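Student: Handing you this structure, nothing more for now.
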Amino acid sequence: MNDSETDLIRRAQAHDAEAFCSLAELYTRRIYLLALHYCHDASDAEDLSQEVWLKAYQALQSFRFDSSFYTWLRRITINTFLNYQRSNFSRKSLVVSSEDEDTGSSLASEETIYNNVLFESVMNALGELTPSQRLIFLLRHYEGMSYDEIANAMNCSAGTAKKSVWRALGKLRNKLEINNEGTEDRLAQLATEY
Amino acid sequence: MHNCKTTKERITELLLSGAQVQPVELRECSDCSNEFESLKETLRISRRQIEAAAPSETYWNGYHARLRNRLVESGNPHSSGSPEQSGGSWLRRLITASISVPVPVGAAVLLMFAFSLVVLIRRAVKVATPPTVSVVHVPVEVPVIQEKVVTKVVYRESKRKVVSSSANQSVADSSLAKSQKINVPSLIGFKPTDEVKLTVIKGGSPDEK
């Protein structure tokens, strides 16, 4: 935690809303992407990630600098994700095409299409997992948490966390049809057909 | 000795720890080598995908503006505020507060509560109902005063005087009449008594033996 972050936290704890917004901007992308891969939908991801920030705002007084701010925030994130109603999950295929998205042209570039194909493949693979398994995989792969940390945060055993990660990787490999022989070429071909 | 099963379990951990180069023991086994490469590719593509999914900077400007609005709408939760507001939030927090309780403990508490409720209801019902009147027949001995009438003939020895003359007779009669007049018992204030003392005088009568 650097000085500027500590300063922002202290100011936010002293009822400075602007300082809290500045603090949030440091981590909004990370939380949003985690939410996006967890709930599969851009608008749901925005709601869910902003819910995390609202909860953090309400609980900021309880932050005692015992850990890093992001570790504290991640705990809130996990709890918010787990409380997120399963029925809210919509299996829409993503395209982050909100009104704010500036595509610049009505014709999407080849790279954008390729990314969309890639995104759908990964999302479909993650969609076959339970929300808990999906969250465990994201925490291990994207957040780099240890199995013990995940087990502690998710209230499960380290063995369960390990199995969830293996299962997720297996699903991903099958969905992406990775066989060491031109996976990139095959995805590019899919993008061309798209 | 190489064991494919245990090696494959290690491969995931190796890759998630950031290993990019195959260990020597994996190169000796084509299956394990392929497993390593395929999982490495899976992780690489999924990581690349997450980077590709990140929205553009334009999106983030709007995102932060919306977040700022939501924070403002939610109010300042840790502001000092007016006493009424802080009291209200304290009350709201108290009402909406929850604690996590293990299921067995919760079930036991609920059972105890239900049991005590039943006991209380029973007691209340007992107090509310009027006491039933039961008639008990107990024989009581009451002393009854019975009046006894005892008739006894009492003989009184009387001295018989020989009256010589009729003049004396008349005087005697008049004196008797006087004495009777004087000694007439009055029954006013007479109360019968339970005890009757009898004095039997033997030999009062010539026939008595």
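Student: Please compute the net charge surrounding A:R74, taking Lys and Arg as +1 and Asp and Glu as -1 over other residues with Cβ under 11 Å from its Cβ.
Tutor: Charge balance near A:R74 sits at 0.
Student: Moving on to the next point. What is the spin-label model distance, in nm, from A:S132 to A:T71 if the labels are put 7 Å beyond Cα along the C-beta direction?
Tutor: Modelled inter-label distance: 2.5 nm.
Student: What FRET efficiency would be calculated for the residue pair B:V105, A:E18, taking the C-beta separation as r and a Förster radius of 51 Å, to the nearest 0.05?
Tutor: Numbers: r = 45 Å, r/R0 = 0.89.
Efficiency computed from Cβ-Cβ geometry: 0.65.
Student: Measuring from label point to label point, each 7 Å out along Cα→Cβ, what is the B:N61 to B:R27 span in nm?
Tutor: In this crude spin-label approximation the distance works out to 5.3 nm.
Student: Please report the net charge: other residues with Cβ closer than 11 Å to the Cβ of A:F65, K and R +1, D and E -1.
Tutor: Working: positive: A:R10, A:R64; negative: A:E5, A:D66.
Summing Lys and Arg as +1 and Asp and Glu as -1 gives 0.
Student: How big is the gap, in Å, between the Cα center of the range A:55-70 and the Cα center of the range B:1-17?
Tutor: 38
Student: In the neighborhood of B:F36, defined by Cβ-to-Cβ distances under 11 Å, what is the net charge if each Lys or Arg adds +1 and each Asp or Glu adds -1? All intermediate terms of the calculation are to be shown ahead of the outcome.
Tutor: On the way: positive: B:K8, B:R10, B:R27, B:K40; negative: B:E25, B:D31, B:E35, B:E37, B:E41.
Net local charge, B:F36 excluded: -1.
Student: Which FRET efficiency, nearest 0.05, do B:S158 and B:A128 yield, Cβ-Cβ r, R0 60 Å?
Tutor: Numbers: r = 86 Å, r/R0 = 1.43.
Efficiency for this residue pair is about 0.10.
Student: For the range A:1-87, give the magnitude of the charge dipole about the Cα centre (Cβ charges: +1 Lys/Arg, -1 Asp/Glu; no others), in debye to the nearest 20. Walk me through the intermediate numbers first.
Tutor: Details: 9 positive and 12 negative charges, 70 e Å.
In total the dipole reaches around 340 debye.
Student: Once the range A:1-87 is represented by equal point scatterers at the alpha-carbon sites, with solvent omitted, what log10 I(q)/I(0) does the Debye formula produce at q = 0.25, 0.26 Å⁻¹?
Tutor: -1.27, -1.35
Student: Quick one: which of A:K163/B:K40; B:K5/B:K40; A:K171/B:K5; A:K175/B:K8; A:K55/A:K163 span more than 29 angstrom between C-alpha atoms? Could the numbers behind the result be given before it?
Tutor: Values: A:K163/B:K40 18 Å; B:K5/B:K40 18 Å; A:K171/B:K5 18 Å; A:K175/B:K8 20 Å; A:K55/A:K163 31 Å.
Where the Cα-Cα span goes over 29 Å, the pairs concerned are A:K55/A:K163.
Student: With θ set to phi - 60°, apply the Karplus curve 6.51 cos²θ - 1.76 cosθ + 1.60 along the range A:12-27 and write out the HN-Hα couplings as whole Hz, x wherever there is a Gly or Pro.
Tutor: With the stated coefficients, the range A:12-27 comes to 5, 5, 8, 6, 9, 5, 5, 5, 5, 4, 5, 5, 5, 4, 5, 10 Hz.
Student: Can you quote the Å³ per residue value for the convex hull of the Cα atoms in the range B:4-60, rounded to an integer?
Tutor: Details: hull volume 4.4 nm³, N = 57.
With only Cα atoms used, the range B:4-60 gives 77 Å³ per residue.
Student: Modelling each spin label as a point 7 Å along the Cα-to-Cβ direction, I'd like the A:T6/B:L187 distance in nm, to one decimal.
Tutor: Label at A:T6, label at B:L187, 13.0 nm between them.
Read-outs throughout are calculated quantities, based only on the coordinates presented, and are distinct from any laboratory measurement. These numbers come from a predicted model, not from an experiment. Every residue, glycine as well, gets a Cβ built from its backbone with ideal geometry; the counts of neighbours run over all protein chains shown.
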